[in-house]
1. Checking the cross-link filter: which aspartates and glutamates have an alpha carbon closer than 16 Å to that of LYS145, excluding same-chain neighbours under 8 positions apart?
2. Convert 4 °C to kelvin, take the viscosity as 1.567 mPa s, use the Kirkwood radius over C-alpha pairs of segment 1-68 as Rh, and evaluate the Stokes-Einstein diffusion coefficient in µm²/s, rounded to a whole number.
3. Taking every DSSP beta bridge that has both residues in segment 70-157, what percent is antiparallel when rounded to the nearest 5?
4. Please check: in the Gaussian network model of the chain (C-alpha springs, under 10 Å), which one of VAL101, VAL31, VAL86 has the largest mean-square fluctuation.
5. Output the Kirkwood hydrodynamic radius of the chain, Cα pairs only, in Å rounded to one decimal.
6. Which of the lysines could be linked to LYS142 by a straight reach, that is with a Cα gap under 20 Å, when you skip same-chain ones fewer than 8 residues away?
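No value in this document is a laboratory result; all are computed from the given coordinates. Since we're looking at a predicted model, the values are computed, not measured.
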Amino acid sequence: MPKITTFLTFNNQAEDAANFYTSVFKNSKIVNTSRYGDTGPGAKGSLMTATISLDGQELILLNGGPSFTFTQGFSLLVYCETQAEVDDYWNKLTAGGGKEVACGWLTDKFGVSWQIVPTVLMKLIADKDARKAERVMQAMMKMVKLDIAELQKAAAG
C-alpha cells in the first residue's frame, strides 16, 4: 500500500463516483468497498468507503455527510499524450452536469476538480526560449479545454 493516497470525501455520492470514475479511465476498477453497519453514521448497508484504482492510481472515496464539499483548490491532474485523449477525458468528465472552467480545468458532476493537460504543454512552458514559453502561456490562458495544435502554433510564433 502506498504511503500517500488521495482520499475524497463525498456527501453521499461515493458509490456513484466510484462507478463513474472507473468507467472513465481505462485499466480501472473498484478494488474494495466497506459498508456502514449498525453504528453508522451512514445508513446501515450504505457505502462507507470505496477504494478504486484509476489506471494504477489509487483513491479512496468516503461517504462522509453534507459537511464535506470540494473546492478548486484541490484537483486531480490527468496527463494526455494526444488531443483525442484530451477530448475523451474532457467529454466524459463534464458529462451529466460537469462544468468547464478554464485553462484545462473542469469540475465533474460530483464537484471534483480535474485538470486535463497535454504533456506537450509542460514541455512548451518550460522551454528555454522565454518568448516561446510566454506565447504558449498566453495562448493557454485564453483556452477552456486545451488544444494541442493551438499550443504548438503559439510556440512556433
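1. Partners within reach: GLU81, GLU85, ASP87, ASP88, GLU100, ASP108.
2. Estimated diffusion coefficient is 107 µm²/s.
3. Restricted to segment 70-157, the bridges split so that about 45 percent are antiparallel.
4. Looking only at VAL101, VAL31, VAL86, the biggest GNM fluctuation is shown by VAL31.
5. Evaluated over the chain, this radius sits at 17.0 Å.
6. Filter leaves LYS99, LYS123, LYS132, LYS153.
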